[in-house]
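The values are calculated or read from the model by the stated rules, or taken from the named source; none is laboratory data. For clarity, every value in this text was computed on a predicted model and none was experimentally measured. When we count neighbours, we look across all protein chains shown, and the Cβ atoms used for this are built from the backbone with ideal geometry, even at glycine.
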Amino acid sequence: MRLLRRLPTPGTAPGALPVPDAIKVPTRLTMITYGADTYQQFVADSPDELPDPPTDQFWWLDIEGHDVATIATVAERLALHPLLVEDVVNVGQRPKVEAYGETIFFVVEHFVLEGDDEPLQRDQVSLVVMPTGVLSVRERRDPLFDPVRRRLEGGRPRIRGGGPGYLAYALIDVLVDHLFAILQRIGDSIEDIEEPMLAEPSQEQLNTAYRIKRNVLMLRKSAWPLRDMISTTIRDEDGIFSDETRLYLRDAADHASHAIDIIETYREMLSSLTDLYMSSVSNRMNEVMKVLTIIATIFIPLSFIAGLYGMNFDPQVSPLNMPELGWYWGYPAALLVMLGVAGGLLAYFRRKGWL
């Protein structure tokens, strides 16, 4: 789980890219060109195997796999701003939107949850929206954007005719919807530990709650700037997002707000479960201490009696030196006195409500 963004070496010039790794990262490039009645798809492992983006059609270039050399080659062909390319390469940034002339740059985070209480894996998704097309860069290969690709291939008129602005909205909407899938799994995990923790809390349940809470805090850190990013896009006037597309962006912003509400609710629930565990442990400790205190209180007078008769006074020297030591029933009488004292104390504690 990455908490810090990948940063360049201190003193590096703005826009400078890191040195590509000696081992090439496996990448897959998918170029889709489309119009109202046309659709073509090209898949390659290198930018040199793809055609140049067309000027008479809309296009979408999706890069899966974070290879610096590949990103640099594509950025040069598209004439992207160096600062934009630097943000694409140096992953781990918070969601944001920036304008570079006619190009709009989005950073959105994509989360992967392998196990229900495992640490979240966070990937950066970069979207570069241009007047005629969209460039998306992802850190890993996955089927995240397959639904959007199928809608383009199926000839849906809204996405085919909406231009790059609507395509960018569709990609952002997929990422927002995927956030709800993660939240659903987290909610199920909270329910799985909530009832057992109410009945019989354990340290393992507390550890699970802490792991889930860490994931929730990471989602919270991403969801707030995500909503601000979408709201900023709605307010800004540009030629890429039409008025109709802004209506759909407003719906995505509402979904982001809903996700934030769920995240805040989960955060409160996890904090309450932690407090419940601490309270249960404290109550259990108080019950144990109460029982031990009662036992110790009962044995205090019994120890006094036993200690009293443990004194080595010779009754033959003086008739006042423990004459009961010479009685025939002296020992049973001492035991009965001890039992009577213990019983009397138990009856007194019960009448006071301490038992």
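Any residue that is in contact (Cβ under 8 Å) with a residue 12 or more places away in the chain and among the aliphatic types (A, V, I, L, M) - is there at least one of those in segment 284-293? Steps first, answer last, please.
Taking segment 284-293 first, the residues in contact (Cβ under 8 Å) with a residue 12 or more places away in the chain are 290.
Filter once more, so that each one left must be among the aliphatic types (A, V, I, L, M): none.
Checked segment 284-293: no residue is in contact (Cβ under 8 Å) with a residue 12 or more places away in the chain and among the aliphatic types (A, V, I, L, M).
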So which of D173, D188, D192 is of a type in the set (D, E, K, R), part of a helix (DSSP H, G or I) and closer than 19 Å to R227 by Cβ?
D173
Scanning segment 180-218 for residues that are among the small types (G, A, S) and more than 12 Å from Y266 (Cα to Cα), which turns out surrounded by the most Cβ atoms within 10 Å (Cβ to Cβ)?
S202
Could you list, in sequence order, the residues of segment 117-130 that are crowded, with 16+ Cβ neighbours inside 10 Å and in contact (Cβ under 8 Å) with a residue 40 or more places away in the chain?
D117, L120, R122, V125, L127, V128, V129, M130
Restricting attention to segment 254-274, which residues are of a type in the set (G, A, S) and either outside the structural domain of D192 (by TED's automatic domain parsing) or modelled with pLDDT under 95 (or both)?
S271, S272
If you check P143 against the conditions, is it in contact with a Ser or Thr (Cβ under 9 Å, 6 or more places away or on another chain), surrounded by fewer than 18 Cβ atoms within 10 Å (Cβ to Cβ) and either assigned to a loop (DSSP other than H, G, I, E, B) or among the aliphatic types (A, V, I, L, M) (or both)?
no
Tell me whether segment 141-149 contains one or more residues that are in the same structural domain as D45 (by TED's automatic domain parsing), among the β-branched types (V, I, T) and within 16 Å of M31 (Cβ to Cβ).
yes
Take the conditions on the phi < 0 side of the Ramachandran plot and surrounded by 14 or more Cβ atoms within 10 Å (Cβ to Cβ) and apply them to L292. Does it pass?
no
Looking for whichever is exposed (fewer than 13 other Cβ atoms within 10 Å of the Cβ) and outside the structural domain of V216 (by TED's automatic domain parsing) here; the options are F313, F299. Which one fits?
F313
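Considering only segment 220-248, how many residues are aromatic (F, W, Y), part of a helix (DSSP H, G or I) and either over 24 Å from G92 (Cα atoms) or not assigned by TED's automatic domain parsing to the domain that holds E264 (or both)?
Initial filter on segment 220-248 (aromatic (F, W, Y)): 224, 241, 248.
Subsequent filtering for residues that are part of a helix (DSSP H, G or I) retains 224, 248.
Next, only the ones that are either over 24 Å from G92 (Cα atoms) or not assigned by TED's automatic domain parsing to the domain that holds E264 (or both) stay: 248.
Residues meeting the conditions: 1.
Restricting to segment 172-203, name every residue that is closer than 30 Å to F106 by Cα, in contact (Cβ under 8 Å) with a residue 60 or more places away in the chain and of a type outside the set (D, E).
As a first pass, look at segment 172-203 and keep what is closer than 30 Å to F106 by Cα: 172-187.
Narrowing further to those that are in contact (Cβ under 8 Å) with a residue 60 or more places away in the chain: 172-173, 175-180, 182-183, 185-187.
Once the filter is applied, which keeps residues that are closer than 30 Å to F106 by Cα, in contact (Cβ under 8 Å) with a residue 60 or more places away in the chain and of a type outside the set (D, E), segment 172-203 yields I172, L175, V176, H178, L179, F180, I182, L183, R185, I186, G187.
Kindly establish whether I104 is closer than 16 Å to M218 by Cβ, touching a residue at least 60 places away in the same chain (Cβ under 8 Å) and not in a loop (DSSP other than H, G, I, E, B). Break it down stepwise before answering.
On the way: closer than 16 Å to M218 by Cβ: no; touching a residue at least 60 places away in the same chain (Cβ under 8 Å): yes; not in a loop (DSSP other than H, G, I, E, B): yes.
No, not satisfied.
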Which residues, taken from segment 205-227, are over 17 Å from V174 (Cα atoms) and touching a Lys or Arg at 6+ places or on another chain (Cβ under 8 Å)?
K213, V216, L217, M218, R220, K221
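Within segment 111-137, take every residue that is more than 25 Å from T33 (Cα to Cα) and part of a strand (DSSP E or B) and give me the one that is farthest from the chain's Cα centre (by Cα).
My answer is D123.
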In the set L302, L339, L335, which member is under 60 Å from the mean Cα position of the chain (by Cα), in a helix (DSSP H, G or I) and free of Cβ contacts under 8 Å to residues at least 12 places away in the same chain?
L339
When the residues of segment 78-92 are narrowed to those that are in contact with a Leu (Cβ under 9 Å, 6 or more places away or on another chain) and in a helix (DSSP H, G or I), which ends up nearest to D52 (Cα to Cα)?
L78
Do we have T265 as part of a helix (DSSP H, G or I), without any contact (Cβ under 8 Å) to a residue 12 or more places away in the chain and polar (S, T, N, Q) here?
yes
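Scan segment 225-233 and tell me whether some residue there is hydroxyl-bearing (S, T, Y) and touching a strand residue (DSSP E or B) at 6+ places or on another chain (Cβ under 9 Å). Spell out the reasoning first.
Start the filter on segment 225-233 by keeping residues that are hydroxyl-bearing (S, T, Y), which leaves 231-233.
The next check asks that each one be touching a strand residue (DSSP E or B) at 6+ places or on another chain (Cβ under 9 Å); those that pass are 232-233.
Checked segment 225-233: at least one residue is hydroxyl-bearing (S, T, Y) and touching a strand residue (DSSP E or B) at 6+ places or on another chain (Cβ under 9 Å).
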Examine segment 324-331 for a residue that is farther than 30 Å from S202 by Cα and exposed (fewer than 10 other Cβ atoms within 10 Å of the Cβ), and state whether such a residue exists.
yes
